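Undergrad: My questions all concern the structure below.
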Ligand code: NAI
Ligand code: MG
């Protein structure tokens, strides 16, 4: 079987980590005795494309992506283009147009990685953050200069959109996921004491959905308290479901607690499979280290494992996860994890460890 994958490396370290992920995926395919392979098409979109054409992606870009089996994305953003223009022009445009409403972000300790919390037991941090990815605070609703006042008096509004359908589907996704895990628990995060409309709707829907899953433990936690809980009692959490902004922030915190933002993987899923889903590391384009060959490719390679899972290849996904753990356990660590390994060194170790199992 040949999987058609669109690679969109984007900007900065995006290109470096997508190349690493492709190398590892191709090595897996080469070792599959012809069972599967990948046909890659690369799209050179991003901020350099914007400088040439005035657009982050081609005008017919979404049409050209629509028929792929999956999208493999690096990162977007460079100082030459305002961040809200680059993000909305490429990444958010794809997520919203392809209705990728569930953003799944696993976080866990890896052997040999010493994060700020690092405790002896590897099971002490093993979560999946499920992020509502289509509405909430990133619905793009609002405007500037609404009162027509000049400089110094400008008024801007940024609204959040919460729909019952949008809340319910991402919560059901979180509960179904919790049922597949060792610790069957879903923690819902809001700020419904201060944001009394959308987030109170969220809480109401959560209570209603939870009633359909009596076998799953639940709790509702305010986001500020949850930030503290992440640090103080990580072992209490399993699946965390939250709105677009809250989950965005919490998942960066989670990956830092696991050791580095460079480790964090994510899947932007259209669970109905009407459109392709997109797999990408959580981190951005990291202009501060881009072009030096030192970016950590593990977040991108972990995203490739999520891609394999989505393609219906869980055994290969697990093999990739084992190769990641074997690589960090062997002490092949890039700079963000306190080591000296380059992107190429880590990639070579990952490919070597594919042969372990
Ligand atoms: P960032 O994630 O690019 O970098 C934050 C810090 O983490 C930096 O110190 C960076 O060196 C480090 N880091 C990130 N990825 C790493 C990796 N693979 N290996 C080692 N270290 C790594 O976030 P920042 O600096 O806030 O944003 C930079 C640009 O990226 C901006 O233009 C922003 O808009 C964009 N961005 C794009 C995202 C996406 O495409 N999904 C997500 C977040 C930011
Ligand atoms: Mg983020």
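Undergrad: For the chain, calculate the relative contact order in percent as a whole number, restricting contacts to Cα pairs under 8 Å that are 6 or more residues apart. Intermediate results must be reported in sequence, preceding the final value.
TA: Details: 753 pairs, mean separation 78.2, N = 357.
RCO, the chain: 22 percent.
Undergrad: Can you say what percent of the DSSP beta bridges in the chain, counting only those with both residues inside, are antiparallel? Round to 5. Please list the in-between numbers first.
TA: Values: 19 of 47 bridges.
In the chain, approximately 40 percent of DSSP beta bridges are antiparallel ones.
Undergrad: Report the full-extension gain for the segment residue 220 to residue 158: residue separation times 0.36 nm, less the Cα-Cα distance, to one decimal in nm.
TA: Values: separation 62, 0.36 × 62 = 22.32 nm, distance 2.51 nm.
So the chain would gain 19.8 nm between residue 220 and residue 158.
Undergrad: On to the next question. Hey, if you drop one equal point scatterer on each alpha-carbon of the stretch 195-307 and run the Debye formula without solvent, what base-10 log of I(q)/I(0) do you get at q = 0.23 Å⁻¹?
TA: -1.34
Undergrad: Based on the alpha-carbon set only, what is the convex hull volume of the chain divided per residue, in Å³? Before the final figure, lay out the partial values.
TA: Working: hull volume 54.1 nm³, N = 357.
It comes to 151 Å³ per residue, whole-number rounded.
Undergrad: Still on this structure, I have one more. Restricting things to alpha carbons, find the Rg to Rh ratio for the stretch 189-261 using the Kirkwood radius for Rh. All intermediate terms of the calculation are to be shown ahead of the outcome.
TA: Working: Rg = 12.9 Å, Rh = 13.2 Å.
Using Cα coordinates only, the ratio equals 0.98.
Undergrad: Over all directions, the average projected area of the alpha-carbon convex hull for the stretch 240-357 comes to how many nm²? Spell out each step's value before the answer.
TA: Numbers: hull surface 33.0 nm².
Result: a mean projected hull area of 8.3 nm².
Undergrad: Could you identify which residue out of 81, 104, 113 has the top mean-square fluctuation in a GNM of the chain using Cα springs shorter than 10 Å?
TA: Per the Cα network of the chain with a 10 Å cutoff, 81 tops the list.
Undergrad: Starting from the exponent 0.38 and prefactor 2.2 Å, build the expected Rg for the stretch 12-54 from its residue count and divide its actual Cα Rg by it.
TA: On the way: Rg = 14.3 Å, N = 43, 2.2 N^0.38 = 9.2 Å.
Working it through for the stretch 12-54, the quotient is 1.55.
Undergrad: Can you tell which of 36, 68, 230 shows the greatest fluctuation in a Gaussian network model of the chain with Cα springs below 10 Å?
TA: 36
Undergrad: Could you quote the convex hull projected area for the stretch 115-258, Cα atoms only and averaged over all directions, in nm²? Before the final figure, lay out each step's value.
TA: Values: hull surface 40.5 nm².
If you wrap the Cα atoms of the stretch 115-258 in a convex hull and average its projections, you get 10.1 nm².
Undergrad: Under a GNM of the chain (C-alpha, springs under 10 Å), which listed residue has the highest mean-square fluctuation: 48, 27, 39?
TA: 39
Undergrad: Once the piece of chain linking residue 233 and residue 41 is laid out straight, how much longer is it, given 0.36 nm per residue of separation minus the C-alpha distance between them? Mind dumping the intermediate values first?
TA: Values: separation 192, 0.36 × 192 = 69.12 nm, distance 4.36 nm.
Difference between extended and current length: 64.8 nm.
Bear in mind these aren't lab numbers, they're just calculated from the coordinates by the rules spelled out. Remember, predicted model here, so these are calculated numbers, not experimental data.
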